[in-house]
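Have a look at the structure below, then the notes.
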Amino acid sequence: AEALGFRYCDTLLRPACAVGRFRPHDDPRCSVTDDYSLDDLLDMIPGSFTHDRFHKDPLVPAGAADLRYSLWLRDLHREGRLRALTWEGREPAGFWGYSGGTAVLHALAPAFRGRGLGRGFWTAGCRMMFDQGRDEVESSVSASNLAVINLYSSLGFSLRKSVDVYHLHR
């Protein structure tokens, strides 16, 4: 691939879950709200997407990759497709961006990572989408992000398809 000018490839998995297959993990401490400070959510970007293709591409500086997500988060906010994940109804713990039936950008703040809380927060995000009338929730995840793949699986998601994404060097 490098001989043809491609410098990086990632496999993107597409998990999906129909409402009838959803295995929620309700945690009353985890909720979704549209009452949040955008700046609080933007502060969560650095370090949130280390498994994505932009952070793993050796020719993309980490700051540029983070900027991509910051701009995307701002767009989702402006379009009304962004919610905050909150801990005990008040502390910002992450964000959930979506478009139609697809969760497109989501992460937890550093203080909430690695504590086994992802299922509670993702349950809240998926429930919000199901409550909006969606019959199915879809997402995407890099094949190297095993923690999130396992999280999706624990909630009843199955892998629908995969897509190889190539970065072309110019």
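What to note about this one:
- A Cβ distance below 6 Å, combined with a sequence gap of six or more or placement on separate chains, defines the contacts here; from the range 30-45, residues that are within 19 Å of GLY63 (Cα to Cα) and open to solvent by less than 50 Å² (accessible area, probe 1.4 Å) reach residues that are of a type outside the set (Asp, Glu) and in a loop (DSSP other than H, G, I, E, B) in the pairs MET44/ALA109.
- Scanning the range 141-170 for residues that are surrounded by fewer than 19 Cβ atoms within 10 Å (Cβ to Cβ), modelled with pLDDT under 95 and of a type in the set (Gly, Ala, Ser) turns up ALA143, SER144, ALA147, SER162.
- Whichever residue in the range 55-88 is touching a Lys or Arg at 6+ places or on another chain (Cβ under 8 Å) and open to solvent by 40 Å² or more (accessible area, probe 1.4 Å) and, among such residues, is farthest from PHE121 (Cα to Cα): LEU59
- Residues considered: VAL104, VAL137, VAL141. Of these, the only one that is free of Cβ contacts under 8 Å to residues at least 60 places away in the same chain and in contact with a strand residue (DSSP E or B) (Cβ under 7 Å, 6 or more places away or on another chain) is VAL104.
- Scanning the range 89-112 for residues being open to solvent by 20 Å² or more (accessible area, probe 1.4 Å) and either basic (Lys, Arg) or touching a Cys at 6+ places or on another chain (Cβ under 9 Å) (or both) gives a total of 1.
- Qualifying residue in the range 87-98 (condition: in a strand (DSSP E or B), within 22 Å of ARG160 (Cα to Cα) and either of a type in the set (Gly, Ala, Ser) or free of Cβ contacts under 8 Å to residues at least 40 places away in the same chain (or both)): yes
- One residue alone among ASP26, ASP40 is farther than 16 Å from TRP96 by Cα and either assigned to a helix (DSSP H, G or I) or acidic (Asp, Glu) (or both), and that residue is ASP26.
The values are calculated or read from the model by the stated rules, or taken from the named source; none is laboratory data. Quick caveat: nothing in here was measured; it's all calculated off a predicted structure. All Cβ positions, glycine included, derive from the backbone under ideal geometry; neighbour counts span all protein chains shown. The accessibility values were calculated without ligands, DNA or RNA, using every heavy atom of the protein model including side chains. Shrake-Rupley method; radii C 1.70, N 1.55, O 1.52, S 1.80 Å.
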